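K.L.:
First the structure, then my questions, so here it is.
The values are calculated or read from the model by the stated rules, or taken from the named source; none is laboratory data. Note that this is a predicted model, so its numbers are computed, not measured. Glycine also receives a Cβ, built like all others from the backbone with ideal geometry; neighbour counts cover every protein chain displayed. For the accessible areas, the whole protein counts, side chains as well, though only heavy atoms, and no ligand, DNA or RNA atoms are used. Shrake-Rupley method; radii C 1.70, N 1.55, O 1.52, S 1.80 Å.
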Amino acid sequence: MPDAAFVTRFAPSPTGYLHLGHAFSALTAFDAARTAGGRFLLRIEDIDTGRCRPAFEQAIYDDLAWLGLTWEEPVRRQSDHFADFAASLDRLDGMGLLYPCFCTRKDIAAEIARSANAPHGPDGPVYPGTCRRRPADDRARRIAAGDAFALRLDLAKALDTAGGGLTWHDAEAGGMTCDPRPLGDVVLARKDTPTSYHLSVAVDDALQGVSHVIRGRDLFHATHVHRLLQALLDLPTPAYRHHRLLTNADGQRLSKRDKARTLRELRAGGAGADDVRRLAGLG
Ligand code: GLU
């Protein structure tokens with residue numbers, strides 16, 4: 001039975017050429033939609049306007065079409081929708097859950113070096129909360145002085161507001177209790193762009209009616225943050241599937257640095273879509 005309520009997506013960032021790992025992710029989501037008789041969407045995650053390039057975006061369309069994928073038009077480009085993210089940010093701000101953070105990477109590293117047992121999350125040290133503790137008059141003074149700041153989620157307050165008992169489901173790992181603490185006070189608006197990965201993904205998956213998020217295991221911890229944002233912003237919670245990650249010959253996760261494995265290199269070398277499926281272990 002076709003299931004029109006099944007909506008999944010592939011959401012690459014145009015900061016480089018797609019590689020075999022992206023192909024695996026895109027094909028896994030596309031195949032799942034086809035099997036379910038559902039819909040497949042493509043979303044361009046280009047909020048980082050400094051690192052994204054139109055040529056990489058065009059390459060995404062070309063490479064995915066070459067792989068035999070089709071997707072619904074229009075494609076949602078996140079950079080066209082900063083107003084949607086601003087609205088959600090305002091809402092969280094109105095709930096008193098955000099604070100300005102003026103720290104540079106260097107400030108954060110120095111603060112962490114000073115503290116004896118700084119907590120570490122899956123992506124490195126957790127933000128030590130320096131600006132959360134900043135007195136209101138000091139904050140106001142720095143803002144008035146034009147100092148650049150990011151907006152961070154006050155996680156303890158956010159968890160209090162959302163209440164306990166938040167859960168989500170992963171098709172491979174099973175039922176999960178939401179625990180975003182390993183990522184700490186995440187950034188929801190960056191100094192250089194008025195949103196962040198976490199906020200835009202949570203908002204866009206809801207706005208696009210995504211029922212099934214299929215993506216790599218590298219984003220497993222991020223889902224705890226997204227689940228919390230869904231609760232705070234009254235957004236629905238999709239079903240999740242965090243799939244295995246492809247590795248290179250050294251056993252390391254494929255990244256944009258593995259140039260030999262970009263889809264365009266494979267294509268230039270005479271490979272076809274079936275070869276890519278086989279190389280990605282999709283038969
Ligand atoms: N844009 C993210 C990336 O390229 C993926 C986001 C997602 O699938 O939620 O890694």
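K.L.:
Just name the residue that is nearest to Pro125 (Cα to Cα) out of those in region 160-188 that are assigned to a strand (DSSP E or B) and among the polar types (S, T, N, Q). Before you say what the answer is, go through the steps one by one.
P.N.:
Looking only at region 160-188, we keep the residues that are assigned to a strand (DSSP E or B), and these are 167-170, 174-177, 187-188.
Retained after the next criterion (residues that are among the polar types (S, T, N, Q)): 167, 177.
Working: Thr167: 25, Thr177: 22 Å.
It comes out as Thr177.
K.L.:
A further question on this structure: Go through Arg264, Arg215, Arg227 for me and flag whichever is touching a residue at least 12 places away in the same chain (Cβ under 8 Å), crowded, with 21+ Cβ neighbours inside 10 Å and either assigned to a helix (DSSP H, G or I) or away from the ligand (no atom under 12 Å from the Cβ) (or both).
P.N.:
That would be Arg227, the only listed residue that is touching a residue at least 12 places away in the same chain (Cβ under 8 Å), crowded, with 21+ Cβ neighbours inside 10 Å and either assigned to a helix (DSSP H, G or I) or away from the ligand (no atom under 12 Å from the Cβ) (or both).
K.L.:
Let me ask something else about it. Name, by its number, the condition in (1) over 25 Å from His198 (Cβ atoms); (2) in contact with a helix residue (DSSP H, G or I) (Cβ under 9 Å, 6 or more places away or on another chain); (3) among the charged types (D, E, K, R) that does not hold for Asp274.
P.N.:
Here Asp274 meets the rest and fails (2).
K.L.:
Under 27 Å from Leu155 (Cβ atoms) and either open to solvent by less than 10 Å² (accessible area, probe 1.4 Å) or among the β-branched types (Val, Ile, Thr) (or both), is that true of Leu18?
P.N.:
For Leu18, the condition - under 27 Å from Leu155 (Cβ atoms) and either open to solvent by less than 10 Å² (accessible area, probe 1.4 Å) or among the β-branched types (Val, Ile, Thr) (or both) - is not met.
K.L.:
Can you name every residue in region 175-198 that is within 12 Å of the ligand (Cβ to nearest atom) and out of contact with any Lys or Arg (no Cβ under 8 Å at 6 or more places or on another chain)? Can you show your working first?
P.N.:
Of region 175-198, the ones within 12 Å of the ligand (Cβ to nearest atom) are 196-198.
Tyr197, His198, listed by residue number.
K.L.:
Follow-up question, since we're still on this one. May I ask you to say which residue of Arg53, Arg39, Arg43 is in contact (Cβ under 8 Å) with a residue 60 or more places away in the chain and basic (Lys, Arg)?
P.N.:
Going through Arg53, Arg39, Arg43 in turn, just one is in contact (Cβ under 8 Å) with a residue 60 or more places away in the chain and basic (Lys, Arg): Arg43.
K.L.:
Would region 144-159 turn up any residue that is farther than 16 Å from His242 by Cβ, basic (Lys, Arg) and in a loop (DSSP other than H, G, I, E, B)? Write out each step before concluding.
P.N.:
Applying the first criterion (farther than 16 Å from His242 by Cβ) to region 144-159 yields 144-159.
Applying the additional criterion that residues be basic (Lys, Arg) yields 152, 157.
Still in the list and also in a loop (DSSP other than H, G, I, E, B): none.
Looking for residues that are farther than 16 Å from His242 by Cβ, basic (Lys, Arg) and in a loop (DSSP other than H, G, I, E, B), one finds none in region 144-159, hence no.
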